[in-house]
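Student: There's a structure below that I have some questions on.
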Amino acid sequence: MDAVNIGPLSFSIPLLATFGAVTASVYTGRRLGRASGVDAELTLWFVILFALLVARAVFVASYAELYLVAPLGIVDIRDGGFSAPAGIVSMLTAGAWFAWRRAAIRKPLLGAVAAGGLVLLLGAAIRLAPSGEPAPIPALALRGLDGRPVQLPSLAGKPVVINLWASWCPPCRREMPVLRQAQLRYPEITFVFANQGETAETVRKYMSTEVIALKNVLLDSGSQLGSLTSSGALPTTLFYDAKGTLVERRLGELSAATLAARLNSLSSTADRKQE
């Protein structure tokens, strides 16, 4: 399970877990601090921000060559590029250091860090817990811009990335050049651009205006794919392994680095299965 759907809205589990961890940490630290007659909130916020900064810095360093091409992307955290292990380790380390140096705030600080850590572990458990049978590529036929029907299951045999998008969606438009470059860079992966609810004329006009050449542009006029995969938000990107099994779902805009992280993992999995 990687997302929670509430009506037409979708929220990723990692995002909810991070928000929940921060909220639980601040609440716990505040309550324990009041009970002890001390104020540990400022130190706690420092620990949280330090952990987030380290998590971001480690991820950026891992994909430095991609961020250097567009340096402003380093501070654009909307791409969700964080190293969870680095963030957790830095939070525990900073919390332990302040607790050791300042005995007065030890109890609320350690309690807050523990509460946040438990929420993060719960989020990881929910995300990794099996949710029934692995979700296959939906047995759905979409049409190409030439009207030709394409059976999505027929694409299995190598990893498949399906991007759900629309030309009226600003994040979809911003991430399209990134996906185009990935389509060229990873020939071992099949990329599919499933337009949601628009006509062939609208899609052609968009591609002509943006001067972007994409392979495997398909029309999902009834937005059936979004319904079948519980992907109500745009953009959403679905990552399937060579067997056609869903391995990850990404809600929201992808940067070159966050896409590369997922594609490298997908390629590595495919290589291991071939050995």
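The values are calculated or read from the model by the stated rules, or taken from the named source; none is laboratory data. Only a predicted model underlies this, so the values are computations on that prediction, with no experimental measurement involved. No Cβ is skipped: glycine too gets one built from the backbone with ideal geometry, and neighbour counts run over all protein chains shown.
Student: Determine, yes or no, whether S208 is polar (S, T, N, Q), under 30 Å from V69 (Cα atoms) and over 23 Å from the mean Cα position of the chain (by Cα). Outline the logic, then answer.
Tutor: Details: polar (S, T, N, Q): yes; under 30 Å from V69 (Cα atoms): yes; over 23 Å from the mean Cα position of the chain (by Cα): yes.
The answer is yes for S208.
Student: What tally of residues in region 144-167 results from selecting those that are loosely packed, with under 13 Cβ neighbours inside 10 Å and in contact with a Gly (Cβ under 9 Å, 6 or more places away or on another chain)? Spell out how you get there, then give the answer.
Tutor: Looking only at region 144-167, we keep the residues that are loosely packed, with under 13 Cβ neighbours inside 10 Å, and these are 146-149, 151, 154, 157.
Filter once more, keeping what is in contact with a Gly (Cβ under 9 Å, 6 or more places away or on another chain): 157.
Counting residues in region 144-167 that are loosely packed, with under 13 Cβ neighbours inside 10 Å and in contact with a Gly (Cβ under 9 Å, 6 or more places away or on another chain) gives 1.
Student: Give me the pairs: first residue in region 21-36 and in the same structural domain as I48 (by TED's automatic domain parsing) and at negative phi, second residue buried (at least 16 other Cβ atoms within 10 Å of the Cβ) and outside any helix (DSSP H, G or I), beta-carbon distance under 6 Å, and six or more apart or on different chains, which are they?
Tutor: G29/A40; G33/A40
Quick grid of which residues meet (1) among the hydroxyl-bearing types (S, T, Y); (2) more than 22 Å from L120 (Cβ to Cβ); (3) at pLDDT below 85:
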| site | (1), (2), (3) |
| --- | --- |
| P8 | no, yes, yes |
| T28 | yes, no, no |
| G33 | no, no, no |
| L49 | no, no, no |
| R56 | no, no, no |
| Y67 | yes, yes, no |
| V75 | no, yes, no |
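Student: Could you check R101 against (1) touching a residue at least 40 places away in the same chain (Cβ under 8 Å); (2) of a type in the set (D, E, K, R); (3) more than 14 Å from T28 (Cα to Cα) and say which number it fails?
Tutor: The single condition R101 does not satisfy is (1).
Student: Have a look at R78, R31 and point out the one that is among the charged types (D, E, K, R) and under 24 Å from P235 (Cβ atoms).
Tutor: Values: R31 fails: under 24 Å from P235 (Cβ atoms).
After ruling out the rest, the residue left standing is R78.
Student: So for region 149-166 (the condition being in the same structural domain as L44 (by TED's automatic domain parsing) and either hydroxyl-bearing (S, T, Y) or assigned to a strand (DSSP E or B) (or both)), does at least one residue qualify? If you could, list the steps in order and put the result at the bottom.
Tutor: Step one: list which residues in region 149-166 are in the same structural domain as L44 (by TED's automatic domain parsing), which gives none.
Scanning region 149-166, I find no residue that is in the same structural domain as L44 (by TED's automatic domain parsing) and either hydroxyl-bearing (S, T, Y) or assigned to a strand (DSSP E or B) (or both), so the answer is no.
Student: Suppose we filter region 24-82 for residues that are closer than 24 Å to A115 by Cβ and β-branched (V, I, T); how many remain? Reasoning before the result, please.
Tutor: As a first pass, look at region 24-82 and keep what is closer than 24 Å to A115 by Cβ: 24-56, 58, 77, 80, 82.
Filter once more, keeping what is β-branched (V, I, T): 26, 28, 38, 43, 47-48, 54, 58, 77.
So the answer is 9.
Student: Among the residues of region 171-183, is any without any contact (Cβ under 8 Å) to a residue 24 or more places away in the chain and either closer than 25 Å to A141 by Cβ or part of a helix (DSSP H, G or I) (or both)?
Tutor: Of the residues in region 171-183, the ones without any contact (Cβ under 8 Å) to a residue 24 or more places away in the chain are none.
There is no residue in region 171-183 that is without any contact (Cβ under 8 Å) to a residue 24 or more places away in the chain and either closer than 25 Å to A141 by Cβ or part of a helix (DSSP H, G or I) (or both).
Student: Additional query: For region 201-243, how many residues meet the condition of being within 16 Å of I137 (Cα to Cα) and of a type in the set (K, R)?
Tutor: 1
Student: Ok, one more. Looking at region 214-225, can you tell me whether even one residue there is surrounded by 15 or more Cβ atoms within 10 Å (Cβ to Cβ), under 20 Å from the mean Cα position of the chain (by Cα) and either more than 30 Å from A70 (Cα to Cα) or in the same structural domain as S12 (by TED's automatic domain parsing) (or both)? Write out each step before concluding.
Tutor: Start the filter on region 214-225 by keeping residues that are surrounded by 15 or more Cβ atoms within 10 Å (Cβ to Cβ), which leaves 214, 216-220, 223-225.
Those still in the list that are under 20 Å from the mean Cα position of the chain (by Cα) too: 225.
Retained after the next criterion (residues that are either more than 30 Å from A70 (Cα to Cα) or in the same structural domain as S12 (by TED's automatic domain parsing) (or both)): 225.
Within region 214-225 (the criterion being surrounded by 15 or more Cβ atoms within 10 Å (Cβ to Cβ), under 20 Å from the mean Cα position of the chain (by Cα) and either more than 30 Å from A70 (Cα to Cα) or in the same structural domain as S12 (by TED's automatic domain parsing) (or both)), the answer is yes, since at least one residue qualifies.
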